[in-house]
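Encoded as structure tokens, the structure appears first; notes follow it.
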Amino acid sequence: MAVAKAPAIEPGQLRATARFRARSQAWTWAAMGGPLVLLLVFFLVYPVGQLLLLSIYNDSGFTLAPYRQLFASSVYIDVLLITLKISLVTTLVCVVTGYPIAYLISVVGKERKATLLFWVLLSFWTSFLVRAFAWIVLLGRNGVINKLLLSLGIISSPASLLYNFGSVLVGMVNALLPLAVLTMLSVMENIDRNLPRAAATLGARPGMAFWKIYFPLSLPGVAAAGIMVFVTAIGFFIVPALLGGRRETMITQLIIDQVQQTLNWGFAGAISVLLLIVVLIVFAAYDRLLGLSTMTGAAAPRSAAPSRLAGPIQRIGDTVLTLLGVISDRILLALPSRRRDRDPDKAGLGLQTFVWTMLVIISAPTLLMIPLSFGTGGLNWPPQGFTLHWYETVLHSPVWTQAFLRSLLVGLGTGGLAMLIGTPAAFLLVRSNIPGKAAWLAFILSPIVVPRMIIAVGMFYVFASIGLVGSAFGLVLGHTVVAVPYVVMTMMAVLRNYDTRLDQAAQSLGARPFATLRHITFPILGAGMFSSFLFAFATSFDELTIALFATGGLNATLPKQFWDEVTLQVSPVIAAVSTCLFIFMGLLIFVAERLRRRAAAR
Amino acid sequence: MTSSSLRVKGLTKRYGDFVALAPTSLDVAKGEFLTLLGPSGSGKTTLLSLIAGLAHPDEGQILVDDADVTHSPAYDRDIGVVFQNYALFPHMTVEDNIAFPLKMRKVADADARRRTAEALETVRLPHVAKRYPRELSGGQQQRIALARCIVYRPAIILMDEPLGALDKKLRDQMQLEIKRIHRELRTTIIYVTHDQEEAMTMSDRICLMNAGAIEQLGTPEDLYFRPQSVFVADFLGESNLLSATVRQVDAQGLDIVLADQTAPSRAVGNGASFTAGEPIKLMVRPQNLHVADAANGQLTGRLVDVMISGSMTRLYIAPEKADMPQLVAAYPTRSSAAPYEIGQRVSLGWNSADAVAIRDGRGH
Ligand SMILES: Nc1ncnc2c1ncn2[C@@H]1O[C@H](COP(=O)(O)OP(=O)(O)O)[C@@H](O)[C@H]1O
Ligand SMILES: [Mg+2]
């Protein structure tokens, strides 16, 4: 209207308005995305860059000495190979055993799905430390397994089940299986249930329908789970340190040694470079084969495989799948008494048995520790007597209570800060037409890709130089860096599902922007925001790698205190702490799940 | 392969306590086009899934050409299904989608290629063979789903609201297409829809379902002219339903009395047997309800609304008796017709041959 009334507008004036508008938009973008970018630049890019630089510069200038040391003997290369071996086997086992679990969850009815999902989530959220500790107890000389084998007469004296490749593998799989399941599940849930049924009406037997239809469609989820598990595994140190012997040393443990014991920053930097290169190669290969965009699972099933996998590979794949289908159907036919009366919608008994066995295996160690924490017989199975002594010890120990309060404080701080800077960034990525969205997103998600250990060591170096070591604030900053990608991802998903016409409707009914935000947007987004807050909180609450260094010996957080104790001695006190942590996390997911469902019901 | 007959006996499906399909029996002849019609949730998809072998019945039998297939798995039944959302395999090209059932039957490659091309020809889409389903429009995907189903000549084809997602124009076109294919292949087709017009135009017979049971099974004419229940009268086309009582039954029809009136009138039966004194509903289709200016008939009312929907003009009339429902009359639109005024008093009438008696007490 105003434009129509205005006398005549000079072209130059128009351009000026346009420029003004562009400038004000740029300011809005900067205000919304700036804090996050600054955080990542100062506490991710700079520290990691510093660490990498340290490997080629020392006091006397440029040097390659650390690298010469790295390749001088086969020691370090061997560690790298062991790391790769453990990570690969872990990935394989996680994907292969996680697949049926995710499959079953994706096909069963609502009620059973909630039950299955609860156990996966409970395991997912239970601290890595608690789970690893539980396996120490379980596999110990007087642990459940040895006692069981003895009583069955399979062995005559306790076997040493700990500190070998097997125990590391069990611990690693327990740690990462839930991640694999949840990643695959996100893809499987989007596969149309009618497709396998359509295949059946077209004459495909169950094996054929699975291998030719369902499996190819679930492949992006398998790939995403594979790379997520592999990259997490390769940067892991808790499990090999607690459950492995000298021969299962992984590369991140070397970095810890260099920083904590020999203070050789240059060498720590060189090992980090090596680790980083391996991770980048893995990602590059993944991108080549499947395209990184499939990692989010979003556009996956429709556009992924066919375009990138060239003709011959596809044909070979097709033949292999057909063969698998034929073989599976032969096996199914050969099985005695196939249930003829069976409802085609019901999952088979074999599948259900397998899934529940796996769920018991990943949940049992933590659960078995609970009775031990009330026992008077130490950590020996079976538990004896009943005492609250260990809990009293924890409650009366200022070290533990302060660690708990500190973790709570840092967790809340991290949750708050991550929401504060992550939410506007998510808004920007979903709602604005900011250029280079994909690149920004990749940048924001990079803290997930870069091995946590490298971030932690780099951060320690930078914190030390500006006096942030041992401060809660520094820890909040560090944890926010690793928690914020999850907040951004969750909030982006929430915002994508949000119908912006509701805002327009509110405004057409007379609500000003702030009132719209207060009465419409936030109440609807509330549940999603709270659950991403919880995610950030839980990430921080369970974070050990950064805390390992950044707490600086004093002012330990709960995981750091746990780690210090458990590396010193394995005691029932730790079982008591584990039980507390387990229950705390259990309540947290219960609340989060409740909220999620309430939001979904709306 | 020739088409087959289908016989369903006492088929029942429960989900917990909920009866999705009450014991249902149904015979479908070779080459017949039978439509399952009914409101959403009436059990159409359930019945179809049971026939296809995608769900397992709690009781009952399914016979194809007198062979019991109740417990055969879907892949052994030789029954084709066109799914509601098409269920095309997104990771296969159109060609591979169509060839899939042939591969499953181990048809030789050359033969499979020829038959795939033929099927594409039949649905008039030979040029999309190399594309992926996501690169097709809704209507094209629909045709491919059809091609994938007819390519292996199943004995019976089931279609679950195959045109539900298409817009009106495309739907009309596809209806003709499906009829043409039915004529050419002479396959037995069981077709599900909730659109009564679609059911009327396409079917040899209609099976109207309500709350998990068959309400009426017959030709479109049967259902339209001789509905067995108020529900059927209401569901198929518009109808005016007036409460009345039977006075006397004879060979030609019935003497009845409208509620709250004394003067008797005549009606025809719907095939059911009536007894004197029985309460009934009298059905008069809108196009058979005559409206006259003179306000002195047996039944009078006030004009509430006039709506012109292209070829037809509808008059909505509130009868002066308060407990009677609003009535609707329809006649072909004419520009020269004297305009009605809202609020005007009118009298209503009909030919007794157009007044159909329906048993009261069932339906809604
Ligand atoms: N798997 C199921 N579990 C529980 N109830 C179901 C299931 N499938 C269908 N129903 C119920 O059975 C009834 C009939 O469904 P359906 O056959 O799909 O109806 P229609 O296809 O006529 O719309 C509906 O009320 C529906 O809620
Ligand atoms: Mg349906």
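The values are calculated or read from the model by the stated rules, or taken from the named source; none is laboratory data. It should be emphasised that the depicted structure is a prediction, and the values quoted were computed from it without experimental measurement. Please note: Cβ atoms are built from the backbone with ideal geometry, for glycine as well, and neighbour counts cover all protein chains shown. Note: areas computed on protein heavy atoms with side chains; ligands, DNA, RNA excluded. Shrake-Rupley method; radii C 1.70, N 1.55, O 1.52, S 1.80 Å.
Can you run down the residue pairs with Cβ atoms below 8 Å, 6 or more apart or on separate chains, where the first is in region B:39-58 and under 26 Å from B:VAL232 (Cβ atoms) and the partner is within 6 Å of ligand 1 (Cβ to nearest atom) and part of a loop (DSSP other than H, G, I, E, B)?
B:LYS44/B:GLY38
Go through (1) modelled with pLDDT under 95; (2) out of contact with any Ser or Thr (no Cβ under 8 Å at 6 or more places or on another chain); (3) surrounded by 14 or more Cβ atoms within 10 Å (Cβ to Cβ); (4) assigned to a helix (DSSP H, G or I) one by one and return the number of the condition A:ILE454 breaks.
The failed condition is (2).
Against the definition (within 16 Å of the chain's Cα centre (by Cα) and more than 16 Å from ligand 2 (Cβ to nearest atom)), how does B:ASP160 come out, yes or no?
no
Please work out if B:ALA211 is within 16 Å of ligand 2 (Cβ to nearest atom) and over 14 Å from the mean Cα position of the chain (by Cα).
In short, yes.
Tell me, which strands (runs of 3 or more DSSP E) wholly within region B:267-334 include 3 or more residues that are open to solvent by 30 Å² or more (accessible area, probe 1.4 Å) and not hydrophobic (A, V, I, L, M, F, W, C)?
B:299-309
Within region B:186-199, does at least one residue satisfy the condition of being farther than 19 Å from B:GLY164 by Cα, in contact with a Leu (Cβ under 6 Å, 6 or more places away or on another chain) and either more than 14 Å from chain A (Cβ to nearest Cβ) or more than 16 Å from ligand 2 (Cβ to nearest atom) (or both)?
no
Test A:GLY526 against the criterion of being more than 24 Å from the chain's Cα centre (by Cα) and open to solvent by 20 Å² or more (accessible area, probe 1.4 Å), and give yes or no.
So A:GLY526 does not fit the description; no.
Within region A:481-489, is there a residue that is in a helix (DSSP H, G or I), of a type in the set (A, V, I, L, M, F, W, C) and surrounded by fewer than 22 Cβ atoms within 10 Å (Cβ to Cβ)?
Scanning region A:481-489, I find at least one residue that is in a helix (DSSP H, G or I), of a type in the set (A, V, I, L, M, F, W, C) and surrounded by fewer than 22 Cβ atoms within 10 Å (Cβ to Cβ), so the answer is yes.
Please specify each residue of region A:185-213 satisfying the condition of being of a type in the set (Lys, Arg), farther than 14 Å from B:GLY53 by Cβ and outside any helix (DSSP H, G or I).
A:ARG193
How many of the residues making up region B:1-48 are closer than 23 Å to B:LYS179 by Cα, more than 13 Å from ligand 1 (Cβ to nearest atom) and β-branched (Val, Ile, Thr)?
The total comes to 2.
Going by what's in this entry, would B:GLY218 be described as more than 15 Å from ligand 2 (Cβ to nearest atom), more than 14 Å from chain A (Cβ to nearest Cβ) and more than 19 Å from the chain's Cα centre (by Cα)?
No; evaluated as a whole, the condition is false for this residue.
Applying the selection to region A:506-552, what residues are in contact with a Phe, Trp or Tyr (Cβ under 8 Å, 6 or more places away or on another chain) and of a type in the set (Asp, Glu)?
The one that is in contact with a Phe, Trp or Tyr (Cβ under 8 Å, 6 or more places away or on another chain) and of a type in the set (Asp, Glu): A:ASP542.
When you scan region A:190-208, how many residues do you find that are open to solvent by less than 40 Å² (accessible area, probe 1.4 Å), under 21 Å from B:LEU146 (Cα atoms) and at the interface with chain B (Cβ under 8 Å from one of its Cβ atoms)?
So the answer is 9.
Which number in (1) open to solvent by 10 Å² or more (accessible area, probe 1.4 Å); (2) closer than 20 Å to A:ILE238 by Cβ; (3) in a helix (DSSP H, G or I) marks the one condition that A:LEU417 misses?
With respect to (1) open to solvent by 10 Å² or more (accessible area, probe 1.4 Å); (2) closer than 20 Å to A:ILE238 by Cβ; (3) in a helix (DSSP H, G or I), A:LEU417 is out only on (2).
What number of residues in region B:63-100 are in contact with a strand residue (DSSP E or B) (Cβ under 8 Å, 6 or more places away or on another chain) and more than 16 Å from ligand 1 (Cβ to nearest atom)?
Total satisfying the criteria: 10.
Can you name every one of the strands (runs of 3 or more DSSP E) wholly within region B:10-112 that holds 1 or more residues which are open to solvent by 10 Å² or more (accessible area, probe 1.4 Å), within 16 Å of ligand 2 (Cβ to nearest atom) and facing chain A (nearest Cβ under 10 Å)?
In region B:10-112, the matching strands (runs of 3 or more DSSP E) lie at B:79-82.
Could you please find all residues in region B:167-202 being under 23 Å from B:THR46 (Cα atoms) and either more than 18 Å from the chain's Cα centre (by Cα) or within 16 Å of ligand 1 (Cβ to nearest atom) (or both)?
B:THR187, B:ILE190, B:TYR191, B:VAL192, B:THR193, B:HIS194, B:ASP195, B:GLN196, B:GLU198, B:ALA199
Which one is modelled with the lowest pLDDT, of the residues in region A:132-155 that are open to solvent by less than 10 Å² (accessible area, probe 1.4 Å) and within 23 Å of A:TRP563 (Cα to Cα)?
Filtering region A:132-155 for residues that are open to solvent by less than 10 Å² (accessible area, probe 1.4 Å) and within 23 Å of A:TRP563 (Cα to Cα), the one modelled with the lowest pLDDT comes out as A:GLY143.
Can you pull out every residue in region B:204-213 that is away from ligand 1 (no atom under 12 Å from the Cβ) and not acidic (Asp, Glu)?
Of everything in region B:204-213, those that are away from ligand 1 (no atom under 12 Å from the Cβ) and not acidic (Asp, Glu) turn out to be B:ARG205, B:ILE206.
Find the residue count for region A:541-557, including only residues that are under 25 Å from A:ILE583 (Cα atoms), open to solvent by 10 Å² or more (accessible area, probe 1.4 Å) and assigned to a loop (DSSP other than H, G, I, E, B).
Count: 3.
Modelled with pLDDT under 95 and either under 18 Å from A:LEU195 (Cβ atoms) or within 16 Å of ligand 2 (Cβ to nearest atom) (or both): is that true of B:ARG134 in this structure?
So B:ARG134 passes the test.
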